[in-house]
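Novice: Pasting a structure here, questions to come.
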Amino acid sequence: MRVERGVVLRLAAHLARIEGSARVAGVPLDLEEARGAIAAEVLEAPDAPVLRLRLDHDDDGAVRASARPFDDDTRLPLVVVLASVLIDADHPRQRHKTTDRALYDEASVWARGAGVADVLFRNYRGALAEGAISTLFVRDGRRLRTPPIGDGALPGVLRGELLEVGAAIEASLDVGDLARGVVLGSALRGLREVTVDPTRSWLPGR
């Protein structure tokens with residue numbers, strides 16, 4: 001979550017998503033406790049123009065909030081590459097933001113070291129799904145297209161907001177669609193225009 005001047009942006013939407021995931025998983029979640037943990041952490045957080053806030057909750061319902069100054073990695077070269085490994089779009093974890101993200105975490109660490117903004121993933125059907133740390137959008141005139149949940153996209157907060165106001169629509173995308181113009185999106189970083197480097201790719205373990 002992005003915190004500016006002590007205000008957590010899109011807090012209600014973030015909590016709604018977390019609550020929905022907890023309900024599906026059968027995990028108890030006290031929203032008032034979550035709000036209290038967030039408020040306390042923001043109050044005690046280091047003084048910085050922008051904070052990156054994280055809220056974790058355990059299987060027993062315990063919540064923990066942590067905040068740190070946001071390192072504005074939007075200054076990285078706005079280039080993305082494709083992953084050489086495919087994801088299972090039908091796996092339940094693709095629909096929920098959890099700590100079970102080893103593949104994506106490895107990709108994002110590599111990306112920072114390689115000087116690229118993100119790594120884009122495809123599913124076993126060859127359709128584009130999402131980035132390791134971002135929602136994927138492509139240009140479609142004055143609107144954006146974004147992969148549907150069924151193709152492996154995480155239902156991100158910014159994604160949901162853009163769909164709700166009609167600024168984006170869901171559509172299955174393939175690699176050829178990237179030529180329309182690629183935009184990365186997240187509630188933390190906002191929208192970023194990027195280009196695809198076709199000469200590079202990412203493979204786990206390298």
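The values are calculated or read from the model by the stated rules, or taken from the named source; none is laboratory data. Since the model is a prediction, treat every value here as computed from it, not as a measurement. Cβ placement follows ideal geometry from the backbone for every residue including glycine, while neighbour counts extend to all protein chains displayed.
Novice: Filter segment 55-70 down to the residues that are closer than 28 Å to residue 131 by Cα and loosely packed, with under 12 Cβ neighbours inside 10 Å, then identify the one that is modelled with the highest pLDDT.
Specialist: Top of the filtered list is 58.
Novice: Does segment 3-18 hold any residues that are surrounded by fewer than 19 Cβ atoms within 10 Å (Cβ to Cβ) and within 12 Å of residue 49 (Cα to Cα), and which are they?
Specialist: 4, 5, 6, 7
Novice: Oh, and also: Within segment 15-53, how many residues turn out to be farther than 20 Å from residue 71 by Cβ and assigned to a helix (DSSP H, G or I)?
Specialist: Residues in segment 15-53 being farther than 20 Å from residue 71 by Cβ and assigned to a helix (DSSP H, G or I): 22 in total.
Novice: Further question: Restrict the check to segment 166-180 and report whether at least one residue is under 18 Å from the mean Cα position of the chain (by Cα), outside any strand (DSSP E or B), modelled with pLDDT under 95 and buried (at least 21 other Cβ atoms within 10 Å of the Cβ).
Specialist: Looking for residues that are under 18 Å from the mean Cα position of the chain (by Cα), outside any strand (DSSP E or B), modelled with pLDDT under 95 and buried (at least 21 other Cβ atoms within 10 Å of the Cβ), one finds none in segment 166-180, hence no.
So that you can scan it fast, the table gives a plain yes or no per residue for (1) more than 15 Å from the chain's Cα centre (by Cα); (2) surrounded by 14 or more Cβ atoms within 10 Å (Cβ to Cβ); (3) at pLDDT below 80:
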position	(1), (2), (3)
43	yes, no, no
72	yes, no, yes
76	yes, yes, yes
88	yes, no, no
94	no, yes, yes
101	no, yes, yes
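Novice: Moving to a separate point now. What number of residues within segment 27-51 satisfy the criterion of being more than 17 Å from residue 15 (Cβ to Cβ) and of a type in the set (D, E, K, R)?
Specialist: Counting residues in segment 27-51 that are more than 17 Å from residue 15 (Cβ to Cβ) and of a type in the set (D, E, K, R) gives 2.
Novice: Okay, next question. Report yes if some residue within segment 157-165 is outside any helix (DSSP H, G or I), farther than 20 Å from residue 197 by Cβ and in contact with a strand residue (DSSP E or B) (Cβ under 7 Å, 6 or more places away or on another chain); otherwise report no.
Specialist: Among the residues of segment 157-165, not one is outside any helix (DSSP H, G or I), farther than 20 Å from residue 197 by Cβ and in contact with a strand residue (DSSP E or B) (Cβ under 7 Å, 6 or more places away or on another chain), which makes the answer no.
Novice: Name the pairs whose Cβ atoms lie under 6 Å apart, with the first residue in segment 131-147 and within 9 Å of residue 180 (Cβ to Cβ) and modelled with pLDDT of 95 or more, the second in a strand (DSSP E or B) and not aliphatic (A, V, I, L, M), and 6 or more positions between them or separate chains?
Specialist: Listed by first residue and then by second, the contacts come to 138/145.
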